[in-house]
1. Pull out all pairs, ordered by first then second residue, where Cβ-Cβ is under 7 Å, the residues are six or more apart or on different chains, the first lies in the stretch 137-159 and is in contact (Cβ under 8 Å) with a residue 60 or more places away in the chain and surrounded by fewer than 16 Cβ atoms within 10 Å (Cβ to Cβ), and the second is of a type in the set (A, V, I, L, M) and in a helix (DSSP H, G or I).
2. I need the strands (runs of 3 or more DSSP E) fully contained in the stretch 110-221, keeping only those with at least 2 residues that are under 30 Å from LYS10 (Cα atoms) and hydroxyl-bearing (Ser, Thr, Tyr).
3. All but one of (1) touching a Pro at 6+ places or on another chain (Cβ under 9 Å); (2) under 23 Å from LYS200 (Cα atoms); (3) surrounded by fewer than 20 Cβ atoms within 10 Å (Cβ to Cβ) hold for TRP81, so report the exception by its number.
4. Could you please give the count of residues in the stretch 164-182 that are modelled with pLDDT under 90 and of a type in the set (Gly, Ala, Ser)?
5. Would you call LEU230 surrounded by fewer than 17 Cβ atoms within 10 Å (Cβ to Cβ) and modelled with pLDDT of 95 or more?
6. What are the residues in the stretch 1-32 that are over 15 Å from the mean Cα position of the chain (by Cα) and over 30 Å from GLY89 (Cα atoms), if any?
7. Which ones in the stretch 87-109 are among the hydrophobic types (A, V, I, L, M, F, W, C) and not in a helix (DSSP H, G or I)?
8. If you check every pair at least six apart or on different chains, which have Cβ atoms under 8 Å apart with a residue in the stretch 66-83 that is of a type in the set (Gly, Ala, Ser) first and a residue that is surrounded by fewer than 20 Cβ atoms within 10 Å (Cβ to Cβ) and modelled with pLDDT under 95 second?
Amino acid sequence: MEIIKNLSSKPLVEAIFELRWGLDGPPGIGIDPYYQMLIGQMFAAIKEDYPQWERLPTVEVPEGFAPFMPHHRFRAAVDGWPLVQIGPGLLTVNDTESYEWESFAPRCAIVVDTLFRLYPDIGDNLRVFEISLRYLDADPLQGLSPVDFLRNLKLNVDVEKSLFGGGRIGETSLGVGLSVSYPALRPKGLFQISCNKGRKHDQDAMIWETQVISRGSDAPKQPETINSWLHEAHDTVHDWFFRQIDGALLEKYR
């Protein structure tokens with residue numbers, strides 16, 4: 001298969017790296033005793049690259065009742081990308097159409113290193129239990145049915161014609177909701193792809209999300225192994241994506 005690093009007309013909507021760590025408290029309530037201190041320290045450490053601080057609506061919710069949700073966002077520019085988000089037990093790095101892996105990967109490494117450097121007594125308190133790398137893509141259907149577009153992604157959803165035999169249901173699909181999962185071998189974890197009909201640029205579009213996620217003992221616990229995991233996860237998604245669009249879509253995005 002041809003090796004391609006970047007596309008001039010890529011369908012990417014957003015790339016998201018996410019790290020989660022364990023919280024204290026009873027079931028349903030998550031408390032990070034160091035979180036309030038971490039917010040300001042994180043911003044001070046990365047503000048040269050992310051000088052715009054946004055407080056999200058979740059800030060108004062008592063901290064323990066909105067765990068693993070972004071509460072604060074640090075942007076590279078006003079309403080701009082890339083950005084970093086932080087919440088109780090949560091850290092993300094996000095980028096959009098301007099994404100390039102060669103700059104995204106170092107950004108993730110720097111932010112993770114900063115988290116580990118600032119978090120007190122990391123060996124006992126920063127208990128990483130989940131890590132994921134997600135890519136959200138979208139492309140206008142341009143007259144294709146959602147099922148036909150899935151075929152371009154090498155995903156076939158076949159509905160037996162006999163089901164339409166009663167003449168009460170039209171055979172043209174109007175929407176689709178598909179989610180499939182497989183074991184990820186490198187890195188060890190779970191590979192998932194989900195597809196749904198949505199909108200892009202005010203047009204009907206196919207939206208698909210591809211991700212690698214590792215939990216529990218499969219999740220790396222230190223910056224060095226997290227960085228290695230990130231590169232392996234990217235290679236896995238990259239390989240799948242280009243196999244999936246090989247053909248007409250690759251020529252369109254090239």
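1. Hits for this filter: zero, empty list.
2. Working: elements: 128-140, 177-184, 189-200, 203-215.
So the answer is 128-140, 177-184, 203-215.
3. (1)
4. Going through the stretch 164-182, the residues modelled with pLDDT under 90 turn out to be 171-176.
In the following step, the residues that additionally are of a type in the set (Gly, Ala, Ser) were identified as 173, 175.
The total comes to 2.
5. Working: surrounded by fewer than 17 Cβ atoms within 10 Å (Cβ to Cβ): no; modelled with pLDDT of 95 or more: yes.
For LEU230, the condition - surrounded by fewer than 17 Cβ atoms within 10 Å (Cβ to Cβ) and modelled with pLDDT of 95 or more - is not met.
6. Kept after step one, since they are over 15 Å from the mean Cα position of the chain (by Cα), are these residues of the stretch 1-32: 1-10, 21-32.
Matches in the stretch 1-32: MET1, GLU2, ILE3, ILE4, LYS5, ASN6, LEU7, SER8, SER9, LYS10.
7. Here is the first cut: in the stretch 87-109, the ones among the hydrophobic types (A, V, I, L, M, F, W, C) are 90-91, 93, 101, 104-105, 108-109.
Passing the criteria: LEU90, LEU91, VAL93.
8. Cβ pairs passing all conditions: ALA66/THR58.
The values are calculated or read from the model by the stated rules, or taken from the named source; none is laboratory data. What you see is a predicted model; the values in this text were computed from it and never measured. Every residue, glycine as well, gets a Cβ built from its backbone with ideal geometry; the counts of neighbours run over all protein chains shown.
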